[in-house]
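Worksheet for the structure shown next.
The values are calculated or read from the model by the stated rules, or taken from the named source; none is laboratory data. All of these numbers come straight from a predicted model, not from anything done at the bench. Here the Cβ positions follow ideal geometry from the backbone for every residue, glycine too, while neighbour counts run over all protein chains shown.
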Amino acid sequence: MSILLRNFRRWWQPPRNFAERPAHRQVTFLELFYDLVYVVLIAQLTHALAAKIDARHIAEFAFMFIIAWWAWLNGASYHDFHGNNDIRTRVFTFLQMFTVAAMALFAHDALSETSLGFALSYAAFQIILTYLWWRTGVYDPAHRPISRFYAGVFLLCAILFAASVFVEPPQRFFLWGIATLISILLPPLILTLRRRIPAAELQVEASARPTASLVERFGLFTIIVLGEVIVGVVQGLASHHGLSWRVGVIASLGLAIAFVAWWLYFDFVSHRFPRPGNTSLLVWTYAHLPVTAGIAIVGAALLNVVEQAGEALLVEVRWLLVCAIGIVLVGIAVMLHTLEPHEELAQSRRMGKIVMVLAAVAIVALGSFSLEAIPMLGIIVALMLAPVSTALVSWIKQVETKTAQ
C-alpha cells in the first residue's frame, strides 16, 4: 500500500511551488495541445463575423473575443506558474480543454440562441480555475494571499455566468459583461496587493516578471490567429467555382498581408521582455488583446474580399479590413514601446515604430477611397512593409557607422 501511495504521489504531484518556477524552460507539447483547442473557438467567432459584417456583429465579436482571450491567458498563466509534468496537470488541462471545446460549440451564436450552453461552459471553465488556484494556496502558504484572491475572483465570475442562465437577455449578457470586466481588472488588482498585504509583496513582484516560456506562449497564440487569416483566404478561394487571374492575385495579396503581419510581430516583438515595472507589463500584456483580435478580424474581412473578387468591394468590408490592420499595427507599436531596449537595435526599432504608426494611419485612410480589391490590397501590403524596410535601412546604416569607426 505504501508503494502504491508513493507512486501515486510521484504521478499526482501538488502544484509546483511558485518559487520553483523556472525562468527558462521549453514550452511543452501539453501546452501546445491546450492552445490548439482555442483554434476552434476563435474560428467559430471569426466565421460568425465573416457571415455578417455590421456594427452589431463587430461589437459581439469583440465581446466574445475578450472572453476567449481571457480564458486562454488564465489557462496559460496557471500552467506557467504551477504546472508540472505529471498526471494531475494533464487531467486538469484536459478538463479545461473540454470546457473550451464546449464553449466553441456554442460560440457561433453565443449572444442569441446558444447563450445558455456557452454560459454554462464558461462557468465550468472558471470553476476548474477556482479549484486549481485554491489548491495552490493550500500547498504553497507563501503564495496563499495571491491564490486566494485569484480563486475568489474566478468563483465570482463562475457564479455570475451560471446565474445568467436564470435571466433573459439582455440582462443575461449584462452579467457576462460584469464578470468579464472583473476578470480584466484582475491583474492590476493583484499588483495592488503589495501595498495592502506585505506578505504578498515578494510574490507579486515575482509574478510581474514574465518567463521566457510565457512570452513564447503569447507568440504561439498570435500564430493561432494568424492562421485564421490563411483560413479566410482559402475559404474565399473555395467559394469560387472557377479560378481566374484576378482571384489568384487577390488571394495572393491576402496571404501577403498575413505574412507581413507575422514578420512585424515576430521581428519586432516576439521573444522580447517588457521593461521592469508594472505599467510596462500590463500594457505589453493587454496590447496583445487588440493585436490578436485585429488579426482575427482581418481573416474575416479577407474571406469576404476574396469571395467578392470581380465585384465591387462592399464599403463595410473595406472599412473593416483597413481598421483591423490599423489596430494591429498600432498595437504592435505600443508593445514595441514597452520592451526592454536593445542597444544595437534601438535606433532601427525606434524608426520602425514611428513608421508603423504612420502606416496604420495611411491604411485606415484608404477606407475613404473606393478602390478595387487589387490596388487596395497592394497598397496595404506596401505600407505594412514600410516599417520593416525602414528598420532594416536604419540598422544597416548603424552597422556601417560602427564599422567605419
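For the reader, a short list of remarks on this structure follows.
- Within the stretch 266-299, the set of residues being closer than 24 Å to A251 by Cβ and modelled with pLDDT of 95 or more comprises V291, T292, A293, G294, I295, A296, I297, V298, G299.
- For L116: the one exception among (1) crowded, with 23+ Cβ neighbours inside 10 Å; (2) farther than 26 Å from E20 by Cα; (3) modelled with pLDDT of 95 or more: (1)
- Yes/no for T46 being touching an Asp or Glu at 6+ places or on another chain (Cβ under 6 Å) and either part of a helix (DSSP H, G or I) or free of Cβ contacts under 8 Å to residues at least 60 places away in the same chain (or both): yes
- Tallying residues that are of a type in the set (K, R) and closer than 18 Å to D35 by Cβ within the stretch 87-145 yields 1.
- For R349, the criteria (1) over 24 Å from L255 (Cα atoms); (2) surrounded by fewer than 18 Cβ atoms within 10 Å (Cβ to Cβ); (3) not hydroxyl-bearing (S, T, Y) hold in every case but one, which is (2).
- Elements of type helices (runs of 4 or more DSSP H) contained in the stretch 85-166, each with 2 or more residues being out of contact with any Cys (no Cβ under 6 Å at 6 or more places or on another chain) and charged (D, E, K, R): 87-107, 144-163
- A Cβ distance below 9 Å, combined with a sequence gap of six or more or placement on separate chains, defines the contacts here; from the stretch 158-176, residues that are assigned by TED's automatic domain parsing to the domain that holds T114 reach residues that are part of a helix (DSSP H, G or I) and basic (K, R) in the pairs S164/R172; V165/R172; F166/R172.
- Only listed residue being outside the structural domain of G299 (by TED's automatic domain parsing), modelled with pLDDT of 85 or more, closer than 30 Å to R144 by Cβ and buried (at least 18 other Cβ atoms within 10 Å of the Cβ), chosen from Q96, Q44: Q96
- Qualifying residue in the stretch 341-350 (condition: part of a helix (DSSP H, G or I), among the aliphatic types (A, V, I, L, M), on the phi < 0 side of the Ramachandran plot and in contact with a helix residue (DSSP H, G or I) (Cβ under 8 Å, 6 or more places away or on another chain)): no
- Apart from one condition, D80 fits all of (1) surrounded by fewer than 19 Cβ atoms within 10 Å (Cβ to Cβ); (2) at pLDDT below 95; (3) not polar (S, T, N, Q); the exception is (1).
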